[in-house]
Amino acid sequence: MKFKRNIIITGGAGFIGSHVVRLFVNKYPDYHIFNLDKLTYAGNLANLKDIEHKPNYTFIKADICDFDKVLEIMRQYQVDGMIHLAAESHVDRSIKDPFTFARTNVMGTLSLLQAAKLYWESLPEKYDGKLFYHISTDEVYGALELTHPEGIKSEISAHEVYGDDFFRESTKYTPHSPYSASKASSDHFVRAFHDTYGLPVIVTNCSNNYGPYQFPEKLIPLFINNICQRKPLPVYGKGENVRDWLYVEDHARAIDLIFHQGKIAETYNIGGFNEWKNIDIVKVLIRTVDRLLGRKEGEDMDLITFVTDRAGHDLRYAIDSSKLHRELGWKPSLQFEEGIEKTVRWYLDNQEWLNHVTSGDYLKYYQEMYQGR
Ligand code: NAD
Ligand code: DAU
């Protein structure tokens, strides 16, 4: 069957990538979706069990740093769109091992850009109808101040706002962690390929995502799992840091909209207008897990354990996503309380997935299955 579009989604076996792959495979049966993923510790094909047999879906085990292979895949499948999510994504790991982050996030992105450029330039129509869509993070903008530490009600936020300032598309890049420095560098390469070679690119910078299939090293799934098992909850510093949380399916919807209607060379910020202090989220998680497990609501508050702060810990992130709302009509669909309830229920109902991931069993299974391919 000839497909209308052939699209590579990199990092499709990861948390956000798997939601984007699922959305595209189900919504666009006339597109062929190639999920290109190296299956690092964070990649798990069990995230895509429900769509893996669809005729418009193909998994390709590959490293984005392998330029020759990426170019060969683009030629073989006549790829006209790239949605690039593959990355090393955990800040704490970047503090321990910055080299891996530079390799994957910087060199890997460069390898994809160069492959897309060479392949698309070789076609008679060149860049017509092509798109390199790079998924980035709000962390590249650095950190905002807590000018209202107690929080104030704001018209633009469904919840509290903790400062006067927001990350806008025009905000200067000031990354602090090796992770955000590597993502900032990759964003610069993407824009440089547009400005130098005319490669059609779009960049989006999104706030913290939460929802099903997130690897339980990140705050929300780690803490849900620990509360279930009555293990300590390691809150960094005093838990005063603020993050802006977005339900992962809302991010995937934004990516779909921007992929189809975004303007070439533009940047769009994506966020939930949903700021929370870490300690407040932790309390919501405890109450929700306790209630859903039939425990007395709040009885696990004593699991909260304040530990040494993360080095270079950014104080506050808050995205202004009004450009995306104004120009393309996107806004988050879920209130945070609703999203958290759905998320906690999902982890409680998917203990097998969680056990598989925390034990590392999935790694052995899929790595053996795809060895040598
Ligand atoms: P994740 O860690 O859950 O998944 C990353 C995926 O990339 C995994 O499937 C992994 O196997 C794959 N991968 C890693 N290195 C690779 C390589 N060299 N070649 C091919 N595949 C490789 O990440 P996530 O949280 O889903 O984040 C996805 C993207 O979104 C990242 O680019 C991240 O920077 C960005 N982002 C994440 C968030 C968030 O809150 N999680 C927010 C904003 C932006
Ligand atoms: O803002 C977008 C970013 O959000 C993405 O680009 C990253 O890929 C993603 O990992 C996430 O980064 P954070 O560092 O904000 O997420 P994390 O879940 O690691 O931490 C959220 C907050 O909770 C942060 O302030 C650190 C704190 N924390 C985290 C962990 C894992 C704790 O207090 N204890 C913990 O054990």
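Here, each number is a calculation from the coordinates, and none is a lab measurement. All values reported here derive from a predicted model rather than from experimental measurement. Note that each Cβ is placed from the backbone with ideal geometry, even for glycine, and that neighbours are counted across all protein chains shown.
So here's what we get for this one:
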| quantity | calculated |
| --- | --- |
| In segment 106-132, residue farthest from the chain's Cα centre (by Cα) [restricted to those that are of a type in the set (D, E, K, R) and under 14 Å from V201 (Cβ atoms)] | K117 |
| Segment 16-32: number of residues that are within 16 Å of ligand 2 (Cβ to nearest atom) and in contact with a helix residue (DSSP H, G or I) (Cβ under 7 Å, 6 or more places away or on another chain) | 4 |
| Failed item, numbered, when K96 is tested on (1) surrounded by fewer than 15 Cβ atoms within 10 Å (Cβ to Cβ); (2) within 18 Å of L71 (Cα to Cα); (3) within 15 Å of ligand 2 (Cβ to nearest atom) | (2) |
| Qualifying position, being surrounded by 19 or more Cβ atoms within 10 Å (Cβ to Cβ), under 19 Å from the mean Cα position of the chain (by Cα) and not basic (K, R), among V357, V282 | V357 |
| Lone unmet requirement of (1) crowded, with 19+ Cβ neighbours inside 10 Å; (2) among the hydrophobic types (A, V, I, L, M, F, W, C); (3) farther than 18 Å from F215 by Cα; (4) within 9 Å of ligand 1 (Cβ to nearest atom) for C65 | (1) |
| Qualifying residue in segment 156-173 (condition: within 16 Å of ligand 1 (Cβ to nearest atom) and aliphatic (A, V, I, L, M)) | no |
| Residue check, I340 touching a helix residue (DSSP H, G or I) at 6+ places or on another chain (Cβ under 7 Å) and crowded, with 20+ Cβ neighbours inside 10 Å | yes |
| Out of H176, H194, sole residue that is out of contact with any Asp or Glu (no Cβ under 8 Å at 6 or more places or on another chain) and in contact (Cβ under 8 Å) with a residue 12 or more places away in the chain | H194 |
| Residue satisfying all of: in segment 185-199; away from ligand 1 (no atom under 14 Å from the Cβ) and touching a helix residue (DSSP H, G or I) at 6+ places or on another chain (Cβ under 7 Å); farthest from A46 (Cα to Cα) among these | Y197 |
| Matching residues in segment 238-252 - criterion: being in a loop (DSSP other than H, G, I, E, B) and near ligand 2 (Cβ under 7 Å from one of its atoms) | G239, N241 |
| Residue in segment 113-135 that is out of contact with any Leu (no Cβ under 7 Å at 6 or more places or on another chain) and among the small types (G, A, S) present | yes |
| G151 being away from ligand 1 (no atom under 12 Å from the Cβ), at positive phi and surrounded by 16 or more Cβ atoms within 10 Å (Cβ to Cβ) | yes |
| Residue within segment 266-278 that is away from ligand 1 (no atom under 16 Å from the Cβ) and either part of a helix (DSSP H, G or I) or of a type in the set (A, V, I, L, M, F, W, C) (or both) present | no |
| Options D309, D314, D256: the member that is in a loop (DSSP other than H, G, I, E, B), within 16 Å of ligand 1 (Cβ to nearest atom) and not aromatic (F, W, Y) | D314 |
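Residues are listed down the side, and each one gets a yes or a no for (1) closer than 22 Å to L246 by Cα; (2) buried (at least 17 other Cβ atoms within 10 Å of the Cβ); (3) within 16 Å of ligand 2 (Cβ to nearest atom):
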site	(1), (2), (3)
K38	no, yes, no
Y41	no, no, yes
E52	no, no, no
Y57	no, yes, no
I60	no, yes, no
